[in-house]
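A short write-up of the structure that comes next.
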Amino acid sequence: MSRLGIFVDRKTLSNAEQLGALIRCRDVAENLGHNVDFLFPVDINKIKKMDALFIRARTDPMNVTYVAARMASSHNIPVIDDPQSIQICGDKINMYSHLIKNHVALPKTVFLSRHDLNAECVTNLFAELGTPLIVKEPSTSFSLRVEKVNDVESFIRVARRFNRLSDWIVVQQYIESKYDWRVGVLDGKLLYICKYTIPSVTFKIQASVNGHIVYCGVESVPPEAVPPHVIQLGIDAANAIGHGLYGVDIKNNNGDACVIEVNDNPSIESGEDDCYPRVFEQIVHHLLPA
């Protein structure tokens, strides 16, 4: 009987939706004949006793989750997310470079060094990419440190703030839309699709507005209701990163789909999988094939 370790932290378990998803995952794995252990950071040395590891805490190359992934990988234990995927997706420069190399459709994207941050350069970026522009700090996650700017002055102010954390920033063309497609991909195959409806008070799927966190609406969508080129773009983007589990965010404006980003450790707790009841079964089978 195989042992599946599910790596969590207190923040994961403090969210009722995430806790419910973890329980569903555990029940699925046990019904398939596996033992399941929930592992906290303090239990990290137990990873080498597992037959597979599923990380369900925030992943980051500077986080203990990356250590957990490396430990599993060093012991040849199948792991989601694998350390390479965490490294790539945890750095937007790295992630977009992989997508560009593999000819995946993106908004117009520029990497800007702090040494090139000046009024003339920024003026040229507005001329090339349009107004407004999206500015991202490379280590951003959950829509943090992503800003929309409309003029040179605000661009430089935001960029200088982001440069406190990184020598580089990502500058992108703004693509207006009322929702994002989220295409879940596992090992190059479609896992689920949902629609994230952008709150009217922001342009992001999650934002702080007047001191309150505003979240997007989530609607699980069957594959036949999704444009085929959106599904294929999601799979192509995931394959440009690796062979693990990814959530690909796509905007499809006037039929021209483009990838906004690829997320490792994607959310599967807010109804993303309502139309896909076998999501956790497929993940467990991937980690612990019969």
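The values are calculated or read from the model by the stated rules, or taken from the named source; none is laboratory data. The structure presented is a predicted model; accordingly, all values stated were derived computationally and were not measured. When we count neighbours, we look across all protein chains shown, and the Cβ atoms used for this are built from the backbone with ideal geometry, even at glycine. Note: areas computed on protein heavy atoms with side chains; ligands, DNA, RNA excluded. Shrake-Rupley method; radii C 1.70, N 1.55, O 1.52, S 1.80 Å.
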Practice task
Using the structure shown, decide if L190 is closer than 28 Å to I80 by Cα, part of a loop (DSSP other than H, G, I, E, B) and free of Cβ contacts under 8 Å to residues at least 60 places away in the same chain.
Solution key: no
Exercise for the section: Sort through K148, K108, K136 and tell me the only one that's under 27 Å from H229 (Cα atoms) and surrounded by fewer than 17 Cβ atoms within 10 Å (Cβ to Cβ). Expected result: K108
Completion exercise
The number of residues in the range 241-290 that are open to solvent by 30 Å² or more (accessible area, probe 1.4 Å), small (G, A, S) and on the phi > 0 side of the Ramachandran plot is 1
Practice task
Name, by its number, the condition in (1) outside any helix (DSSP H, G or I); (2) among the hydrophobic types (A, V, I, L, M, F, W, C); (3) touching a strand residue (DSSP E or B) at 6+ places or on another chain (Cβ under 9 Å) that does not hold for L165.
Solution key: (3)
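Residues are listed down the side, and each one gets a yes or a no for (1) over 21 Å from S14 (Cβ atoms); (2) touching a Leu at 6+ places or on another chain (Cβ under 6 Å); (3) free of Cβ contacts under 8 Å to residues at least 60 places away in the same chain:
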residue	(1), (2), (3)
I44	no, no, yes
M50	yes, no, yes
D60	no, no, no
S73	yes, no, yes
Exercise for the section: Evaluate the range 114-131: report whether one residue or more is farther than 20 Å from I241 by Cβ and of a type in the set (F, W, Y). Expected result: yes
Problem - Qualifying residues in the range 78-106 (those that are of a type in the set (A, V, I, L, M) and in contact with an Asp or Glu (Cβ under 7 Å, 6 or more places away or on another chain)) - the one nearest to Q232 (Cα to Cα) - result: V104
Handout entry: Of all residues making up the range 101-153, the number that are modelled with pLDDT under 95 and among the hydrophobic types (A, V, I, L, M, F, W, C)
Key = 3
Problem - Any hit, the range 91-112, residues being in a strand (DSSP E or B), within 22 Å of S141 (Cβ to Cβ) and free of Cβ contacts under 8 Å to residues at least 60 places away in the same chain - result: yes
Practice task
Would you check which residues across the range 25-42 are part of a helix (DSSP H, G or I) and either open to solvent by less than 40 Å² (accessible area, probe 1.4 Å) or touching an Asp or Glu at 6+ places or on another chain (Cβ under 9 Å) (or both) and list them?
Solution key: C25, V28, A29, N31, P41
Practice task
Kindly provide the set of residues from the range 226-255 that are farther than 14 Å from G188 by Cβ and without any contact (Cβ under 8 Å) to a residue 40 or more places away in the chain, ordered by number.
Solution key: P227, P228, H229, N254, G255
Practice task
For the range 151-173, name all the residues that are open to solvent by less than 80 Å² (accessible area, probe 1.4 Å) and among the acidic types (D, E).
Solution key: D151
Handout entry: Test: residue in the range 175-193 that is more than 20 Å from the chain's Cα centre (by Cα) and surrounded by 20 or more Cβ atoms within 10 Å (Cβ to Cβ)
Key = no
Exercise for the section: Please enumerate the residues belonging to the range 217-254 that are under 24 Å from R58 (Cα atoms) and either assigned to a loop (DSSP other than H, G, I, E, B) or among the hydroxyl-bearing types (S, T, Y) (or both). Expected result: S220, G242, H243, G244, Y246
Problem - Subset of the range 268-290 (residues that are in contact (Cβ under 8 Å) with a residue 40 or more places away in the chain and part of a loop (DSSP other than H, G, I, E, B)) - result: I268, E269, S270, G271, E272, D273, D274, C275, Y276, L288
Handout entry: Of residues in the range 119-150 being in contact with a helix residue (DSSP H, G or I) (Cβ under 8 Å, 6 or more places away or on another chain) and part of a loop (DSSP other than H, G, I, E, B), the one nearest to P61 (Cα to Cα)
Key = S139
Exercise for the section: Working only within the range 65-86, note down all residues that are part of a helix (DSSP H, G or I), open to solvent by less than 50 Å² (accessible area, probe 1.4 Å) and over 16 Å from L39 (Cβ atoms). Expected result: P83, S85, I86
